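Visitor: Got a structure for you, written out below as structure tokens; questions coming shortly.
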Amino acid sequence: MAKGESYNSAFSVLENRRLAARARFLAKQDEILKKIPQINRINDEITETGAGYTLAVLGKNTREATALRRRMDRLVALRANMLEEAGYSEKDLEMQYYCPVCKDTGVVKGKTCRCMKDEITRQRQHLLTRLSPAPENSFEQFRMDFYSKKAVETASGAMVVPYNQMKQIFDYCKAYASNFSLHNKSLLMLGNAGLGKTHLACSIAKVCIEKGFVVMYASAQSLFNKIEQARYTDEDVISDILECDLFILDDLGAESLTNYSLGVLYNIVNTRMISDRPCIYTTNLVSQSALQKRYGEKISSRLLGSCERLFFVGEDIRILKNR
């Protein structure tokens, strides 16, 4: 199976780390040598004495081994004192790797190092968000003046004032982000196009990212396109979605549906629900019957049953802006 883009990117990251560590090490050695010119001579003596000590031990020459061990200890102590006086330590004579376990090679005893696995995960997440970047929205940019203060009838027949309802939703989303934890309830944002669903979902994402949580965003269409492509590589997009702290799936209902994408969606919704990991779903499908018709009972019941539902009302803001 072909190596994916995220694997190649992760490999490049580790290679750059290794080269950077080497460059820092050489620069440090040059710096030390300028301040302590005799350091190379002492290092050579330590190496030579150490080799002699090893031979003496192998030859079972206890007396010589003891003498060489003492000499080597004196040389190491002398070097340590000289380094300390110049503002350095023995550690400065060693290569400092980002990952001391694999020394930035990504492999330990023939197996992939944890640092390589983590980097592959980061690269996959970056790849997915590059393919479907979350809009740069914030709560500060959200404008309440686009919502009418006159009551309107909703699809369910209820009379609501858009401004009042959207103010409640705005305050709720702000509190949701401010108090976000891995046990937050998932959200299902429903409403016609252009009412601010994506804006508020991404505003929540912005706050959560600033708090240090791992957030992934994807529009439904780009997500399923990416997952379809990943079937033929070793990319494991699904595992990242299942494991991130908050997953935002935007514009459900706009994607091209196949049996495969329905299976993927069920896996995402069901697994994150069972593992109690929060999601935010946005959709222009405004009724339970519309969700059931498109996604079937298994998916729609999980979406409706596991999420706090926020019903967006008002006029299309995009149209209002162009008037």
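The values are calculated or read from the model by the stated rules, or taken from the named source; none is laboratory data. Just so you know, these numbers come straight off a predicted model, no measurement behind them. Heads up, the Cβs are rebuilt from the backbone with ideal geometry, glycines too, and the neighbour counts pull from every protein chain shown.
Visitor: Could you check the stretch 177-199 and list, in sequence order, the residues that are touching a strand residue (DSSP E or B) at 6+ places or on another chain (Cβ under 7 Å) and farther than 21 Å from Ile274 by Cβ?
Guide: Scanning the stretch 177-199 gives Met189, Leu190, Gly191, Lys197, Thr198.
Visitor: Next up: Would you confirm whether or not the stretch 275-288 contains a residue that is in contact (Cβ under 8 Å) with a residue 60 or more places away in the chain, in contact with a Ser or Thr (Cβ under 7 Å, 6 or more places away or on another chain) and over 19 Å from Asn137 (Cα atoms)?
Guide: yes
Visitor: Which one of Leu182, Leu188 is part of a loop (DSSP other than H, G, I, E, B), more than 30 Å from Asp73 (Cβ to Cβ) and of a type in the set (A, V, I, L, M)?
Guide: Numbers: Leu188 fails: part of a loop (DSSP other than H, G, I, E, B).
Just one listed residue meets the conditions, Leu182.
Visitor: Further, regarding this structure: For the stretch 189-201, give me each residue that is crowded, with 22+ Cβ neighbours inside 10 Å and either of a type outside the set (Gly, Ala, Ser) or farther than 18 Å from Leu303 by Cα (or both). Working first, answer last.
Guide: First pass over the stretch 189-201, keeping only residues crowded, with 22+ Cβ neighbours inside 10 Å: 189-191, 195-197, 200-201.
Met189, Leu190, Leu195, Gly196, Lys197, Leu200 - these are the residues of the stretch 189-201 that are crowded, with 22+ Cβ neighbours inside 10 Å and either of a type outside the set (Gly, Ala, Ser) or farther than 18 Å from Leu303 by Cα (or both).
Visitor: Quick test of your reading of the structure: Gly157 fulfils all but one of (1) surrounded by 15 or more Cβ atoms within 10 Å (Cβ to Cβ); (2) assigned to a loop (DSSP other than H, G, I, E, B). Name the failing condition by number.
Guide: Answer for Gly157: the failing condition is (1).
Visitor: Also, I was wondering about something else. Looking at the stretch 236-252 only, could you name the residues that are of a type outside the set (Ser, Thr, Tyr) and modelled with pLDDT under 90?
Guide: Taking the stretch 236-252 and keeping what is of a type outside the set (Ser, Thr, Tyr), we get 236-238, 240-252.
Across the stretch 236-252, the qualifying residues are Asp236, Val237, Ile238, Asp240, Ile241, Leu242, Glu243, Cys244, Asp245.
Visitor: Restricting the stretch 95-106 to residues that are in contact (Cβ under 8 Å) with a residue 12 or more places away in the chain and loosely packed, with under 14 Cβ neighbours inside 10 Å, which is farthest from the chain's Cα centre (by Cα)?
Guide: It comes out as Gln96.
Visitor: Let me ask another. Between Thr105, Thr121, which is modelled with pLDDT under 95, under 30 Å from Leu19 (Cβ atoms) and not in a loop (DSSP other than H, G, I, E, B)? Outline the logic, then answer.
Guide: Working: Thr105 fails: not in a loop (DSSP other than H, G, I, E, B).
Unique residue meeting the criteria: Thr121.
Visitor: Let me ask another. State the number of residues belonging to the stretch 74-120 that are closer than 12 Å to Ile39 by Cα and of a type in the set (S, T, N, Q).
Guide: Looking only at that region, the number is 1.
Visitor: Within the set of pairs 6+ apart or on separate chains, which have a first residue in the stretch 145-157 that is on the phi > 0 side of the Ramachandran plot and among the aromatic types (Phe, Trp, Tyr), a second that is surrounded by 13 or more Cβ atoms within 10 Å (Cβ to Cβ) and at pLDDT below 80, and C-beta atoms under 9 Å apart?
Guide: So the pair list comes out empty.
Visitor: Just for the stretch 191-204: of the residues that are part of a loop (DSSP other than H, G, I, E, B) and among the small types (Gly, Ala, Ser), which one is nearest to Phe247 (Cα to Cα)? Show your work before the answer.
Guide: Filtering the stretch 191-204 for residues part of a loop (DSSP other than H, G, I, E, B) gives 191-196.
Next cut, among the small types (Gly, Ala, Ser) only: 191, 193-194, 196.
Details: Gly191: 20, Ala193: 21, Gly194: 21, Gly196: 18 Å.
Here the answer is Gly196.
Visitor: Separate question: Among residues belonging to the stretch 207-224 that are free of Cβ contacts under 8 Å to residues at least 24 places away in the same chain and at negative phi, point out the one that is nearest to the chain's Cα centre (by Cα). Walk me through it before giving the result.
Guide: In the first step, residues of the stretch 207-224 are kept if they are free of Cβ contacts under 8 Å to residues at least 24 places away in the same chain; the result is 209-210, 212.
Subset that is at negative phi: 209-210.
Working: Ile209: 10, Glu210: 13 Å.
Restricting to residues being free of Cβ contacts under 8 Å to residues at least 24 places away in the same chain and at negative phi, the top hit is Ile209.
Visitor: With (1) closer than 19 Å to Val313 by Cβ; (2) surrounded by 13 or more Cβ atoms within 10 Å (Cβ to Cβ) as the list, and Met144 as the residue in question, which single condition is left unmet?
Guide: So Met144 meets the others, but not (2).
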